[in-house]
1. Let me see the P(r) profile for the stretch 295-347: every Cα-Cα distance counted, bins of 10 Å, each bin given as a percent of all pairs.
2. So in the chain, what percent of DSSP beta bridges are antiparallel if you round to the nearest 5?
3. Could you run the Debye sum over the Cα atoms of the stretch 139-290, one equal point scatterer each and no solvent, and tell me log10 of I(q)/I(0) at q = 0.11, 0.20, 0.21 Å⁻¹, two decimals?
4. Could you quote the convex hull projected area for the stretch 77-167, Cα atoms only and averaged over all directions, in nm²?
5. Report, in whole Å, the centroid distance computed from the Cα atoms of the stretch 44-83 and the stretch 175-213.
6. log10 I(q)/I(0), Debye, Cα-only the chain, no solvent, q = 0.06, 0.11 Å⁻¹?
7. Place the peptides 142-148, 170-176 in order of packing, highest mean first, counting for every residue the other Cβ atoms within 10 Å and averaging per peptide.
8. Given +1 on the Cβ of Lys and Arg, -1 on the Cβ of Asp and Glu, and no further charges, what dipole in debye does the stretch 123-235 carry about its Cα centre, rounded to the nearest 20?
Amino acid sequence: MKLIKIPEEKYYNYKLQAMFDCYKWDPQFCDNNTLSKHILILTQKENEEIIKLTQNLDKETRLAEEYLNKNIKIAKKLALPKKILEQIPKMQNYDKTQNIRLMRYDFHPSADNNWVVTEVNSDCPGGFAESSLLTDIARKTIGMPELEYNSFGEKMVKAINNKLNKKGTIMMVHCTCFSDDRQVMQYLGDRLKKEGYKIIYGAADHINFKEKKAYCILENNQGRIDFIFRFTPLEWLIKMKPYKWDGYFNTTTKSCNHPISIYAQSKRFPLVWNDLEKAGVHMKTWKKLLPETLEVKDLGTKEGFIYKPVYGRVGEKISIKEACKGDEYEKILKDVKKHPKQYIAQKNFQSKPLKSEDGKEYHICLGSYTVEEEHAGYYARMSSYPRIDSYAEDIPVLIEK
């Protein structure tokens, strides 16, 4: 694994192409650039190793969530929001053959030269265009067309074609007030439109459910939907008013992702592994790669642990002290004390930074996708400190032949 720096004289055009050809409409957070000036290169051996680990993790995760869906008593240990817990009985008709399961596993290189996986983005992983279009532009920019990449977009389109046979209406459900959500949906929607599908962009409450079928209520697009692509997180979805989100849990309309994704999305997922093992659902790969994870109340005087919110996203509220800004660290500790069940304690590991050509060091998070149990490409981000948060930069991933 190594970093290659994009030549300064080529970066400006590369950034323009990212914005206008790769749906990277706003490549910054606050006043910070979030489009890396580097490219991440994997060796074939590293690529093959991560693919194998990813597919093993995925197999374990899918078996776990199917078991949890049938055993509500165990699922309660995940501290699911009450409104979601109430819907679990409606999910008993879940049919994995009718739905597409998308996940992204976050790999980090550690100081002891091993891989560490910190979580699975089980519900609504993003980064679609970056892992599909930006990679091709990156290798052309540095003049190395021989480097390979796995296109997430093409893997996803193939999976949807297998479910719908290139016919029907697809609703791209997302938070319509956020441009960064829309750019994710716009890329995939434009790509699917080329396949012949009718694409509708809308919010979660632009769907009504009748007799377990989904119908769009948007003006000029009213009618039955054949496939729901949901990019609105479930813990946001349940806050919708008026109350009409429950149909997502028992609809027979095909989708990606079905709400069954909520089980592994909870950072408390490791807390049910012993129950799963007793039931014959083995979590061998997960136990090997994930740092020790405990309930906050069970941490006691153990040292070397950090706190993570149960439903945190984009690195928010993770108590890595050297990565916190201002009084952020003290605020997190106060919130943990006030709401201990909303956090987990996880053993902190030593991230191994990569050194760029200019001598600077960067910490890497390599997101490895799966679509229908198969590896489906990478979405990577990097940071100058050991927390991958909103200030981190998107970096394309290429593979040596």
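Please treat every number below as a calculation from the coordinates, not as lab data. These figures come from a predicted structure and were not determined experimentally. Note that we place each Cβ from the backbone using ideal geometry, even for glycine, and neighbour counts take in every protein chain shown.
1. All Cα pairs considered, the percentages come to 26, 61, 13.
2. So the antiparallel bridges in the chain amount to around 75 percent.
3. -0.57, -1.22, -1.28
4. 10.4
5. 26
6. The calculated log intensity ratios at q = 0.06, 0.11 Å⁻¹ are -0.23, -0.82.
7. Final packing ranking: 170-176, 142-148.
8. 600
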